[in-house]
1. Is segment 154-168 home to any residue that is touching a residue at least 40 places away in the same chain (Cβ under 8 Å), at positive phi and not acidic (Asp, Glu)?
2. Can you report the number of residues in segment 262-276 which are touching a residue at least 40 places away in the same chain (Cβ under 8 Å) and surrounded by 15 or more Cβ atoms within 10 Å (Cβ to Cβ)?
3. Of the residues Arg69, Arg119, Arg61, Arg73, which is charged (D, E, K, R) and farther than 18 Å from Ser238 by Cα?
4. Look through Ile108, Ile55, Ile42 and report the one residue that is assigned to a strand (DSSP E or B) and modelled with pLDDT of 80 or more.
Amino acid sequence: MYAMVENQPDSLEVMLARIEKNAKRRNAERGYQDGPSVKTTILKLPLWPDGFTGIPNGILRSALFSIVRKGTREYQHCASKTIREGITVSFTGYQLDQADLDVWENCIRLVHKQALGCRVSFTLYEFLKAIKRHPKGENVAWLSASLVRLTTSTLLIKAANLQFQGTLIEYLYKAEDGTHEVSLNPKIIDLYNTGWTQIELAQRLKLRRHPLAQWLHGFYCTHAKPYPLKVKTIHDMSGSNYAELRFFKRDLQKALRLIESEIGWEWLIDEADNVHINKQPTPSQARHLAKVAKKPQKPTRPP
């Protein structure tokens, strides 16, 4: 079990009351006899069932957690992460890959039912077991480095009604007894408010160690009815860096075959290099498609 670092007997309401009391005391000490009260909003992630992890669509549809081949991780400064649909992502830090997304997803699961900003504690052994990695020396070192990358890298995400700037992990601390504490950036709730998708953990684990397949799975999970995309478009959107597109297409076919065998999605790359995906929509996506189908079509003007 993962224990909350905050004092367990105190509820969030008690904690917030204490914060407001201390703020009033500081205001009085500074000469504000009727100083402004502190209004604190409790921010929580959306609810989703066990066995799933909710991830913002803007994350899954971008190259933020890209395809980084072994030995090629680079430090990037204000790097643009390709994304469609009017959202831009700028990234500074050491490149993040799909294994780093496994780590961030598990952090999300740890804090899912807590208020954003609360700290949770864990051991690296527990964390590695949760993401189905053997808790041996090299994996411990890898996990420590991944947590640091997620804490030190910064994002600037812009959309029509959104501007998020900050880190994905707000706080990271290693205690003397070897346990770690983390908290997520409360501002990530703005990313969820623009749309998010439930990723089934069992499906993602079947694709572990196949980063392109994992990226494709996350990307297409965000679409109720996937539309055709060019092979080159997928190459760019996934953050892949192949010298020749034909080599990427070869690996793309391997990844799609793995997804077909493990998850059951059907796929086709046509003669024009368009990638077609046929998958079963989730119940919520099916409701969305049914709602769209019921909308009256706008009449077209006669020629």
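The values are calculated or read from the model by the stated rules, or taken from the named source; none is laboratory data. Bear in mind the structure is a predicted one, so any value in this text is a computation, not a measurement. Backbone-built Cβ (ideal geometry, glycine too); neighbour counts: all protein chains shown.
1. no
2. Going through segment 262-276 one residue at a time, the tally reaches 5.
3. Arg119
4. The unique qualifying residue is Ile55.
Residue-wise test of (1) touching a Lys or Arg at 6+ places or on another chain (Cβ under 9 Å); (2) within 22 Å of Thr88 (Cα to Cα); (3) in the same structural domain as Leu207 (by TED's automatic domain parsing).
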site: His223; (1), (2), (3): yes, yes, yes
site: Ala243; (1), (2), (3): no, no, yes
site: Leu258; (1), (2), (3): yes, no, yes
site: Glu266; (1), (2), (3): yes, no, yes
site: Asp273; (1), (2), (3): yes, no, yes
site: His276; (1), (2), (3): no, no, yes
site: Gln280; (1), (2), (3): no, no, yes
site: Gln285; (1), (2), (3): yes, no, yes
site: Ala290; (1), (2), (3): no, no, yes
